[in-house]
Amino acid sequence: MATVKDFRNEVRPNWCPGCGDFSVQAAIQKALAESGKEPEEVAVISGIGCSGRISGYINSYGFHTIHGRSLPVAQGVKLANRDLTVIASGGDGDGFGIGLHHFMHAARRNMDITYIVMDNNIYGLTKGQTSPTSAQGFKNPKSTPEGNIENALVPAQVALSAGIGFLAQGFSSDIKQLTEIIKAAIAHKGFSLVSVYSPCVTYNKTNTYDWYKENITVVDTIEGYDKTNRIQAMATVMEHKGLVTGILYQNESLKAYEDLIPGYKEEPIVNHELPLSEDFLTKTMKEFV
Amino acid sequence: MLEQLSWKVGGQQGEGIDSTGNILATSLNRHGYFIYGYRHFSSRIKGGHTNYKIRISTKSRLANADYLDILIAFDQETIDFNSHELRENGVLIADAKFNPVAPEGKQIRFFAVPLTKIAEENGSAIMKNMVAVGATAAVLGLSPETFLSYLNDKFLRKGEQVVQNNMNALKAGFQYVIDQGIELSDLKLAPGDGVERLYLTGNDACGFGALAAGVRLMPAYPITPASEIMEYLIKKLPKVGGHVLQTEDEIAAVTMSIGASFGGSRVCTSTSGPGLALMMEGIGLAGITETPIVIFDTQRGGPSTGMPTKHEQSDMYAALWGTHGEIQKIVVAPSNAEECFYMTVDAFNWAEQYQVPTIILTDLALSMSDQTVEKFDFSRVSIDRGNLATQEQLEAVAAGQLFKRYEFTDSKISPRVFPGQKGGIHHVTGVEHTEVGRPTEDKNIRNKMMDKRLGKFDGIELPNSFSFNGDEDFDTLLIGVGSTAGLIDEAMERLQAEGQKVGHLHIKVLNPFPTESVQKFVSKAKKVVVIENNATGQLKNIMRFNGVQGEFISQVKYDGNPYIPSEIFTFVKELN
């Protein structure tokens, strides 16, 4: 059985020292090993941005796609081979800016893939522009020197609105919690979002590790919290302006997309014999006579 | 007796125009006539003038005729809009219900047939299409029994009485025309040859071709005039364990296709101009990652929303050069429904053999018009997935090493491997990369990788990249692409009948362009006319871009309608 080492490779990430993404990388590797996966059974599909590089930093099949499109590519991979563990990944600009509608459609479509977002409330790779999850008033010399005049998007609210079946949030400082969340997301049969507060130490001087520590509530500390209650999940997310971690919502009765496709086989498409019988083709052609 | 004639039915959208045309076309196709059916429709659901034009011939004619012999009108608008197409002494059959007014200043044979009334007498007003077909049969000297097999197929499951009612309506229409006692013997149709052939659209043939080629996944977004390819596969793929996923947009359609191909499926998507524009970044990703995907682009009137239900051939530049940066791709352009089938199979094989994005360009006239073609020969269908890693190659990868998915080889094609395979782990990225897919900015590797990707077609001409027919010793060479093939053939025949030596070269592969072969034809010609449906002469310029030397005379048409044969004939004739 594969260990966490088997999911590591020799590449040194080009992330800044102290970047929250290191923890996310480690948690994914640990979660995959602890879930009993082998590296060749896993495909990590990432978008563009600092965090988008993650598909190159995990020893598994990997596809570093284009900005905002990790989810459509990941869904294509899953359709071709339903036996794979497919993880899509990227940052807040990638997933909640340019790729937002793919995220909402993936959530309502409910294919069995896990989407891990590293949210640092800023565009890091382009050197520090305000992002869709940056708070109103957020000051940054690049794009909002006078303060952000737009409202921040709360991804967890969007996810619940889109009908997601598994919603979790994590924080880079808590690798243990994050690993457990990712394991649960991988085990969940359907689309899962793990949105991680992953601070940018270089460009975001507002949403720092300390700031998150002060503002985050761990959902397990909320008395009587019922993660199967979607209304409570939405209320809790709104109450905390999204700053709440843990598994916020899970609906295990939702069927995954693959299980609802008419005529779709247990045997993954990648293994199908492609040529069709002469008899089938002839019968099909007769429809045009 | 007539060897060919042209018939049209018109009325309001949603009034059964399509079914009227289908009864006539399908029945005559079954009796060994060659049919070409062209639909005129508007971008709305119900209402608005629509018509279905059918050309009936004893030999293959893949184009609209110059004029109409028979017009069936369900409303006055149909007469007002279409009677200018009627030839002298043509036939107009109109529903007496709307008190039709015949066009002025033209000698025609006019029948005000109570189509609706006869239909009602036989059970229901919706059967006016049957009455119209019966009236048509009387004009053409065809027996009402000609239509029986179609009626049985269509209505027998609803009971014999329904078949009988329809037949009665048809016969009543037939008899009504006969009873007028007007001379019609000049319109008697020569018999068909009785050979069973197919009657289908280019879109149908593309969908069926994809199925035969082993496609299993199709992420696509609806758009006119491409949706029928998707709709066809929505019906068929569940039968073979495959699936069509209707995506949120064309960006998702193309990128999901890339994922599905990377995952190991044969995959295609379909779109038209606006969708192709949205797919461009994804096509670039397929190019740099050498991921085979097949894209159907059924061209329509552009730019922007343009004329979405009208014909044009103006996406050629976009298909060839729309992506930023420089990639290699295959662009093929079938010219009829038969080629749509076989070239789609070829395209799937070529996409995987050369590991490039592959675009199948059709145009509205080809994608949506029905045509009679010979039955497909499945012995010509084979599936070749190109260079796939062998077990030995995978086992040879040392522990901790990555598979060289982008290995430099003499053929410039590297072995593919699919996720799930042990020993095959590698990285794929839209960033410039090494042989194992690791990002790099090393200038030597960059140059080698660019040369590998761009050089795949060096010295290669794909099979059937063009076709030639006509006089071997031509003076005038007519060159076209896509659905104009049948039109150019007809124009050529008329020019030949006037003593001209004419050849017809049709381009079927736009990239890699068959420059050498085309040059040989062009060099032999005294006059070269490039005929196409766009404003700027795209095909002509693509030939020049690819190094074809010569003087080209450009004939272009971009008003939204296909040519009629006389337009090409007259243009070429007047060049003298």
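The values are calculated or read from the model by the stated rules, or taken from the named source; none is laboratory data. Since the structure is predicted, the reported quantities are computational estimates derived from the model, not experimental observations. When we count neighbours, we look across all protein chains shown, and the Cβ atoms used for this are built from the backbone with ideal geometry, even at glycine.
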Criterion violated by A:G137 - all others in (1) at positive phi; (2) touching a residue at least 12 places away in the same chain (Cβ under 8 Å) satisfied:
(2)
For region B:191-221 the number of residues that are surrounded by 15 or more Cβ atoms within 10 Å (Cβ to Cβ) and either touching a Cys at 6+ places or on another chain (Cβ under 7 Å) or not in a helix (DSSP H, G or I) (or both) is 20
Restricting region B:220-248 to residues that are more than 10 Å from every other protein chain (Cβ to nearest Cβ) and small (G, A, S), the residue that is farthest from A:E287 (Cα to Cα)
B:A220
Of residues in region A:206-217 being out of contact with any Lys or Arg (no Cβ under 9 Å at 6 or more places or on another chain) and surrounded by 14 or more Cβ atoms within 10 Å (Cβ to Cβ), the one farthest from A:D174 (Cα to Cα)
A:N207
How many residues are crowded, with 23+ Cβ neighbours inside 10 Å and assigned to a strand (DSSP E or B) when one looks only at region B:6-33?
6
If B:D559 satisfies every condition in (1) acidic (D, E); (2) in a helix (DSSP H, G or I); (3) within 24 Å of B:G301 (Cβ to Cβ) but one, which is the exception?
(2)
A:T236 free of Cβ contacts under 8 Å to residues at least 12 places away in the same chain, among the polar types (S, T, N, Q) and not in a loop (DSSP other than H, G, I, E, B)
no
The strands (runs of 3 or more DSSP E) lying entirely within region B:352-451 that contain at least 1 residues which are over 22 Å from B:V331 (Cβ atoms) and assigned by TED's automatic domain parsing to the domain that holds B:I258 are B:370-373
For A:L153, are the conditions met, namely being modelled with pLDDT of 95 or more and either outside any loop (DSSP other than H, G, I, E, B) or under 30 Å from A:K183 (Cα atoms) (or both)?
yes
Looking only at region A:96-120, and only at residues there that are in contact with an Asp or Glu (Cβ under 8 Å, 6 or more places away or on another chain) and more than 10 Å from chain B (Cβ to nearest Cβ), the one that is surrounded by the fewest Cβ atoms within 10 Å (Cβ to Cβ)
A:D112
Restricting to region A:1-51, what's the tally of residues that are out of contact with any strand residue (DSSP E or B) (no Cβ under 7 Å at 6 or more places or on another chain) and more than 13 Å from every other protein chain (Cβ to nearest Cβ)?
20
Here's a check for you: in region B:427-454, which residue that is among the hydrophobic types (A, V, I, L, M, F, W, C) and more than 11 Å from chain A (Cβ to nearest Cβ) is farthest from B:G284 (Cα to Cα)?
B:I445
Answer from B:I229, B:I234 - the residue that is surrounded by fewer than 24 Cβ atoms within 10 Å (Cβ to Cβ) and either at pLDDT 95 or above or in contact with a helix residue (DSSP H, G or I) (Cβ under 8 Å, 6 or more places away or on another chain) (or both)
B:I234
What is the residue count in region A:244-277 for residues that are away from chain B (no Cβ under 14 Å) and surrounded by fewer than 19 Cβ atoms within 10 Å (Cβ to Cβ)?
5
Is it true that some residue in region B:300-322 is over 19 Å from the mean Cα position of the chain (by Cα), outside any helix (DSSP H, G or I) and either within 10 Å of chain A (Cβ to nearest Cβ) or surrounded by 23 or more Cβ atoms within 10 Å (Cβ to Cβ) (or both)?
no
Please go through region B:252-267 and give me each residue that is farther than 16 Å from A:H64 by Cα and assigned to a helix (DSSP H, G or I), ordered by number.
B:A253
Residue check: is B:R55 surrounded by fewer than 24 Cβ atoms within 10 Å (Cβ to Cβ) and either more than 19 Å from B:D370 (Cβ to Cβ) or of a type outside the set (A, V, I, L, M, F, W, C) (or both)?
no
With respect to A:V289, determine if the residue is of a type outside the set (K, R), in contact with a helix residue (DSSP H, G or I) (Cβ under 9 Å, 6 or more places away or on another chain) and at the interface with chain B (Cβ under 9 Å from one of its Cβ atoms).
yes
Within the set of pairs 6 or more residues apart or between chains, which connect a residue that is under 8 Å from B:V502 (Cα atoms) inside region B:455-477 to a residue that is of a type in the set (S, T, Y) with Cβ atoms less than 7 Å apart?
none
Spot the failing condition for B:F468; the list is (1) under 38 Å from the mean Cα position of the chain (by Cα); (2) in a loop (DSSP other than H, G, I, E, B); (3) away from chain A (no Cβ under 14 Å), and only one is missed.
(2)
Would you pick out the residues in region A:139-159 that are out of contact with any Pro (no Cβ under 9 Å at 6 or more places or on another chain), within 27 Å of A:R230 (Cβ to Cβ) and aliphatic (A, V, I, L, M)?
A:V154, A:A156, A:V158, A:A159
Tell me which residues, restricted to region A:239-258, are in contact (Cβ under 8 Å) with a residue 60 or more places away in the chain and either over 28 Å from A:Y197 (Cα atoms) or of a type outside the set (A, V, I, L, M, F, W, C) (or both).
A:K241, A:G242, A:T245, A:G246, A:Y249, A:Q250, A:N251, A:E252, A:K255, A:Y257, A:E258
Please verify whether B:A389 is more than 34 Å from the chain's Cα centre (by Cα) and of a type in the set (A, V, I, L, M), treating the condition exactly as stated.
yes
Within region A:187-202, does at least one residue satisfy the condition of being in a helix (DSSP H, G or I) and modelled with pLDDT of 95 or more?
yes
Determine whether region B:157-173 contains at least one residue that is of a type outside the set (F, W, Y), out of contact with any Phe, Trp or Tyr (no Cβ under 9 Å at 6 or more places or on another chain), over 19 Å from B:A25 (Cα atoms) and in contact (Cβ under 8 Å) with a residue 12 or more places away in the chain.
yes
Scan of region B:528-545 for residues that are out of contact with any Asp or Glu (no Cβ under 8 Å at 6 or more places or on another chain) and β-branched (V, I, T), ordered by number:
B:V529, B:V530, B:I531, B:T536, B:I542
(1) of a type in the set (A, V, I, L, M); (2) farther than 22 Å from A:F166 by Cα; (3) surrounded by fewer than 24 Cβ atoms within 10 Å (Cβ to Cβ) all hold for A:A80 apart from (3)
